[in-house]
Ligand SMILES: Cc1ncc(COP(=O)(O)O)c(C=O)c1O
């Protein structure tokens, strides 16, 4: 019997919308072809991953012979790890109450799962989520997969939130009778993926003010995945958890240990100020997995109890600062700016965000992208990072995983293609 005679799998609307995530494609391309230098996926620096600290902690756990951590754990996450993460957050923002934070905090399989939970309990197909511009492309793909529309918060020439344009956009939605579709606001606030910008206090206050003026007290999600990855000094703005202007909003603050500590442990967390929203996400997490891996959480408790997180951050910050500088200087030295490309060297995070000359298409299907792959270098097309009104001339380069020598080589390859495209 041929396959054609088999009935097609009758997928749900979600199953029919599901497309291969671009991030998985980019990660696979890099893993499968070692000759290709990948400036694409946001992998972290492998050489400094905390192997000694994690090995020692695993041995201590094993020697204690306690089987508890090999058993299922609580759905919300281990209380001690939650308290540790609350303490970590409270050290960044001393006005916060660590006890309250740990009650509001839940552990997830990376902050990606928290994002999915948040959207799953808030949105129906056809709803709108307001997003930053540019935004985290995996989140945008998730919205597409859920049938949810992303509407960008307008920004000015320097990428700052444009309050007047935002008010106009929201007013237009109201006049069109569409405001009820807006279910949440999402932004990456510190050393953003992809732009590496941090929102200022004023921008955060402005966002809250404009939403309030429009009577849009919607749930807000602050994604702080890169907050700890500053090079010289921590970003100034406090989170939405302590900014007064956000007081009346249901708030979800997300962070993760994958970027700041051990990527492969894939442990992240959320902190939600709204009891009902938190409960809905926890019920749904119960349906996903009824708790993130208990042993990994126990391992993290063991390793972080000795102060390893701050130690690890002290190790990796100068490494990323040097890597950024290497890639940045390679691009400058090879003459990329002379061909009309623009970017700003970031003060933290994992990415350079490049603007190509307006008419140069750097999209996934573009000749430029194909030529880069032929030249042996991979990047994330900026077109993926916009919820709407998509420009084709941006590029995200990640300097997290490659060694400095490889970064320099990848940068030279990239500039060769850019120069050829400019001629
Ligand atoms: C802005 C942002 N949020 C969330 C995540 C998800 O991270 P993880 O699930 O590894 O914690 C990432 C990963 O790259 C990210 O860049």
Residue match in the range 299-309 (condition: loosely packed, with under 14 Cβ neighbours inside 10 Å, in a loop (DSSP other than H, G, I, E, B) and over 24 Å from the mean Cα position of the chain (by Cα))
yes
Can you tell which of 327, 352, 359, 364 is closer than 20 Å to residue 40 by Cα and part of a loop (DSSP other than H, G, I, E, B)?
364
Could you run through the range 165-221 and say how many residues are over 27 Å from residue 124 (Cβ atoms), touching a residue at least 60 places away in the same chain (Cβ under 8 Å) and touching a helix residue (DSSP H, G or I) at 6+ places or on another chain (Cβ under 6 Å)?
1
Testing residue 67 on (1) surrounded by 15 or more Cβ atoms within 10 Å (Cβ to Cβ); (2) away from the ligand (no atom under 16 Å from the Cβ), one condition comes back false. Which one is that?
(1)
Here are some conditions: (1) within 30 Å of residue 358 (Cα to Cα); (2) in a helix (DSSP H, G or I). Residue 121 meets all but one. Which one does it not meet?
(1)
Take the conditions in a loop (DSSP other than H, G, I, E, B), away from the ligand (no atom under 12 Å from the Cβ) and surrounded by 17 or more Cβ atoms within 10 Å (Cβ to Cβ) and apply them to residue 96. Does it pass?
yes
Out of 243, 252, 229, report the one residue that is surrounded by fewer than 22 Cβ atoms within 10 Å (Cβ to Cβ), touching a helix residue (DSSP H, G or I) at 6+ places or on another chain (Cβ under 7 Å) and over 22 Å from residue 172 (Cα atoms).
243
Taking the range 124-145 and the residues there that are away from the ligand (no atom under 16 Å from the Cβ) and in contact with a helix residue (DSSP H, G or I) (Cβ under 6 Å, 6 or more places away or on another chain), the one that is farthest from residue 392 (Cα to Cα) would be 127
Could you grab me the full set of residues in the range 241-279 that are more than 9 Å from the ligand (Cβ to nearest atom), within 13 Å of the chain's Cα centre (by Cα) and part of a loop (DSSP other than H, G, I, E, B)?
260
Hey, residue 76 at pLDDT 80 or above, closer than 27 Å to residue 282 by Cα and loosely packed, with under 11 Cβ neighbours inside 10 Å or not
no
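The values are calculated or read from the model by the stated rules, or taken from the named source; none is laboratory data. Fair warning: this is a prediction, and the values are worked out from it, not measured in the lab. Using ideal geometry, Cβ is built from the backbone for each residue, glycine included, and neighbour counts are taken over all protein chains shown.
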